[in-house]
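Undergrad: Before I ask anything, let me first share the structure, which is written out below as structure tokens.
Any read-out appearing in this document is the output of simple, stated calculations on the displayed coordinates, not a laboratory observation. This structure is a prediction, so every number in the text was calculated from the model and none was measured. Glycine also receives a Cβ, built like all others from the backbone with ideal geometry; neighbour counts cover every protein chain displayed.
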Amino acid sequence: MMRLLLFVALFVLGSRALEFELEELSKYIDSHQEEYVQTLREWVAVESDSSDVLKRSDLERMMDMTAEKLKAMGGTVELVDIGVQELGGGKTIPLPKVVTAQFGSDSSKYTVCVYGHVDVQPAKMEDGWATEPYNLTDINGNLYGRGASDNKAPVLAWIHTVEAYQALGIELPVNVKFVIEGMEETGSNGLDAMIVSKNDTFFADVDYIVISDCGWLSRRPALTYGTRGNCYFFAEVEGPKQDLHSGVYGGTVIEPMTDLIGILDTLISPSGKILIPGIRDAVAPLSDEEWRLYQDVEFDVENYKAKIGVSRLMYSSKVDLLAHRWRYPTVSIHGIEGAFSAPGSKTVIPAKVIAKFSIRQVPNMDPATVEKQVTDYLHTVFGRRKSPNKLKVTMIIGAKPWLADTQHPLYKAGREAVKKVFKVDPDMIREGGTIPIAKTFQDVTRKSIIMLPIGGFDDGLHSQNEKMSRYNYIEGTKLFVSYLHEVGQIKRD
Ligand SMILES: *[C@@H]1O[C@H](CO)[C@@H](O)[C@H](O)[C@H]1NC(C)=O
Ligand SMILES: *[C@@H]1O[C@H](CO)[C@@H](O)[C@H](O)[C@H]1NC(C)=O
Ligand SMILES: [Zn+2]
């Protein structure tokens, strides 16, 4: 009995001490928010646009600044060479180095590895920004600037998390590692190979990987547990040996464009049903539990319609819309090359046209199977046209979907942390888009992964007037602090 009482007393004291520490950390973050905004301003000022090779020195400077910051905090930092980027014509340019860092190596603790990126999408005032994109501007508590939300503020929030613990002399509840890259916006060139090469060293003692490179769905905080993959196709129809005048040859030749549009129209029905045989068979059925989960998610259909400017969507109910955005495949047709898209009325019959379309991937679809299904199907439909033209179908990207177990301790820790900081339960959401790095981390390292976003739903990633709100930035930092606490308490099995 005495022992039990003592145990209870120690437990209560222990959790009091934890609560006290969290409060101290939270106060520290509040009182340092101006510094945090200033650092974000300095980071946003660097035009680390990875799509423009002329900006490569800025991007390199950004990687150096990141490494310097982590070094100044006493981390074990490495700038990892990941090789070169091919520029065509035999020319190459070095890829920006990947920054890795480590804080703590206590083998009795878990090791959490944070992934982020500090490169950005292009941005110019002429694109329609209201403020200079690389001059962080605070308007009514929103910090406008390219890369603010994607992904500089979240990376800084993680760095400030470690810094806050250090400043208060509070022991980190877990070892923290960082992997920060500079090529995310152009497809993470070189990163996959780096992860493979460091699997037995840097990643060997990592228990969990956290990615904060996405956003909430509404004003309610969210945990992301899935992303769709993507299979991207080119379908080329080639006919006459050169372009022809439609007045002179029209009516006599079987036109490649007509063939192409004919087969494209057999991919998906007007009501959104994919017509390629076999595709829908692989899709995991919607469970009752999932249905309930979607039902609980905060999502305003009218707002969504207004935001994209349409009068009607493919589905009218929230659950159907979320399900088709997150967990069903779809076909999108992106464009046709060789189609004389220049304005004006050109009377040409293009000799060769190439359609680009993609199919979003969900569990349990397999890109290799999808490739075969699409190729076989298009050749069959094309065959029925009895056209003398030639069809060539190629899949150029085959990115798999990613799905996490929402009952995993990492997600339970996420729910607890959100409840502590925001006093609400998080929305459990998925991304309709593809974040291939999650799948790579999972497939290569075999570690458990969580996506823990702090960006707002209306941050305008990749778009004009991207912003991060002060609220999300500062409360998001508190969320990360709280999250590390929760992870530190996961029971070992
Ligand atoms: C950034 O914008 C502020 C006004 O919001 C202006 O005072 C400042 O000069 C600008 N800085 C740069 C580097 O353009
Ligand atoms: C990477 O290491 C983990 C153990 O940490 C192992 O399970 C996994 O199979 C390794 N991956 C590869 C590609 O060797
Ligand atoms: Zn990003």
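Undergrad: From Cα pairs below 8 angstrom and at least 6 apart in sequence, can you work out the relative contact order of region 1-153, rounded to a whole percent?
TA: Answer for region 1-153 is 21 percent.
Undergrad: I would also like to ask the following. Alpha carbon centre of region 324-382 versus region 205-276: separation in Å?
TA: First find each Cα centre; the distance between them is then 4 Å.
Undergrad: Rank-order 487-493, 98-104 by packing density, defined as the average count of other C-beta atoms within 10 Å over each peptide's residues, highest first. Working shown, then result.
TA: On the way: 487-493: 12.4, 98-104: 22.6.
Descending mean neighbour count gives 98-104, 487-493.
Undergrad: So what is the calculated 222 nm ellipticity per residue for the chain, using -39500 (n - 2.57) for each DSSP H run with n of 4 or more, over all residues, to the nearest 500 deg cm²/dmol?
TA: Rounded to the nearest 500, it is -11500 deg cm²/dmol.
Undergrad: Mind counting lysine pairs for me in region 17-117? Cα separation below 21 Å, and the two need to be 8 or more apart along the chain or on different chains.
TA: 4
Undergrad: For region 33-113, evaluate the Debye formula with one uniform point scatterer on each Cα (no solvent term) and list log10 I(q)/I(0) at q = 0.20 Å⁻¹, rounded to two decimals.
TA: Here log10 of I(q) over I(0) equals -0.99.
Undergrad: Still on this structure: What helices does the chain hold that run 18 Å or longer along their axis, going by alpha-carbon atoms, with a Kyte-Doolittle average of 0.0 or more, using DSSP H for the helix calls? Don't skip to the end; give the middle numbers.
TA: Values: long enough: 2-31 (43 Å, 0.76); 56-72 (24 Å, -0.91); 153-168 (22 Å, 0.81); 367-384 (26 Å, -0.36); 409-422 (19 Å, -0.31); 470-488 (27 Å, -0.26).
Passing helices, by number: 2-31, 153-168.
Undergrad: Here's another thing I want to ask about it. What whole-number distance in Å separates the alpha-carbon centres of region 433-454 and region 108-168?
TA: Spelled out, the Cα-based centre of one part sits 20 Å from the other.
Undergrad: Please report, for the Cα atoms of region 342-493, the Rg to one decimal and the Dmax as a whole number; what are they, in angstrom?
TA: Cα radius of gyration and Dmax of region 342-493 are 23.0, 71 Å respectively.
Undergrad: Further question on the same structure: First select every other residue whose beta carbon is under 13 angstrom from the beta carbon of Asn389; then total the charges, Lys and Arg +1, Asp and Glu -1.
TA: +2
Undergrad: Rank Ile82, His408, Pro96 by how far each Cα sits towards the positive end of the charge dipole of the chain (+1 on Lys, Arg Cβ; -1 on Asp, Glu Cβ) and give me just the farthest.
TA: Of the listed residues, the answer is His408.
Undergrad: Can you work out D for region 188-246 in µm² s⁻¹ from Stokes-Einstein, where Rh is the Kirkwood radius over C-alpha pairs, the temperature is 20 °C and the viscosity is 1.002 mPa s?
TA: After rounding, the answer is 124 µm²/s.
Undergrad: Now for a separate question. Positive end of the dipole of region 299-402, charges at C-beta (+1 Lys, Arg; -1 Asp, Glu), about the Cα centre: which of Leu322, Ala339, Ser387 has its Cα farthest in that direction?
TA: Value: Ser387.
Undergrad: Using a 10 Å cut-off on Cβ atoms, rank the peptides 354-361, 292-299 from the highest mean neighbour count down.
TA: Ranking, from highest mean packing down: 354-361, 292-299.
Undergrad: Using the alpha carbon gyration tensor of region 409-459, what are the three equivalent-ellipsoid semi-axes (square root of 5 times each eigenvalue), largest first, in whole Å?
TA: Numbers: eigenvalues 103, 50, 12 Å².
Output for region 409-459: semi-axes of 23, 16, 8 Å.
Undergrad: Given the convex hull over the Cα atoms of region 61-108, what projected area results after averaging over all orientations, in nm²? Write out the running numbers ahead of the final one.
TA: Working: hull surface 17.0 nm².
Answer in nm², one decimal: 4.3.
Undergrad: Can you give me the three principal axis dimensions of region 157-303 from its C-alpha atoms, in Å, biggest first?
TA: Dimensions of region 157-303 along the principal axes of its Cα atoms: 82, 41, 31 Å.
Undergrad: Now, a different point. Taking the Cα centre of region 253-402 as the origin, how large is its charge dipole in debye, to the nearest 20, when only Lys and Arg (+1) and Asp and Glu (-1) carry charge on their Cβ atoms? Could you put the intermediate results ahead of the total?
TA: Numbers: 20 positive and 16 negative charges, 133 e Å.
For this selection, approximately 640 debye.
Undergrad: Next up: Thinking of the chain as a set of Cα atoms, what percent of all their pairs are more than 31 Å apart?
TA: On the way: 62241 of 121278 pairs.
More than 31 Å apart: 51 percent of the Cα pairs in the chain.
Undergrad: Charges only on Cβ, +1 for Lys and Arg, -1 for Asp and Glu: so what's the dipole of the chain about the Cα centre, in debye to the nearest 20?
TA: 1340
Undergrad: Here's something else I'd like to know. Taking a quarter of the surface of the Cα convex hull of region 1-160, what do you get in nm²?
TA: With every direction weighted equally, the projected area is 13.8 nm².
Undergrad: Starting at 0 and stepping by 10 Å, how many percent of the alpha carbon pairs of region 135-213 end up in each bin?
TA: That works out to 14, 36, 33, 15, 2, in percent per bin.
Undergrad: Please arrange Val393, Val118 by counting, for each residue, the other beta carbons lying within 10 Å of its beta carbon, fewest first. Display every interim value, and only then the final one.
TA: Working: Val393 18, Val118 24.
In order of increasing Cβ crowding within 10 Å: Val393, Val118.
Undergrad: Kirkwood Rh and Cα-based Rg: tell me the resulting Rg over Rh for region 265-420, rounded to two decimals. Show your work: numbers first, answer last.
TA: Working: Rg = 20.1 Å, Rh = 19.0 Å.
Computed over Cα atoms, the ratio is 1.05.
Undergrad: Which aspartates and glutamates have a Cα lying under 15 Å from the Cα of Lys241, excluding residues fewer than 8 positions away in the same chain?
TA: Glu255
Undergrad: Another question about this same structure. Tell me, Lys27, Lys69, Lys478 in order of fewest to most beta-carbon neighbours within 10 Å?
TA: So the ranking, lowest neighbour count to highest, is Lys27, Lys69, Lys478.
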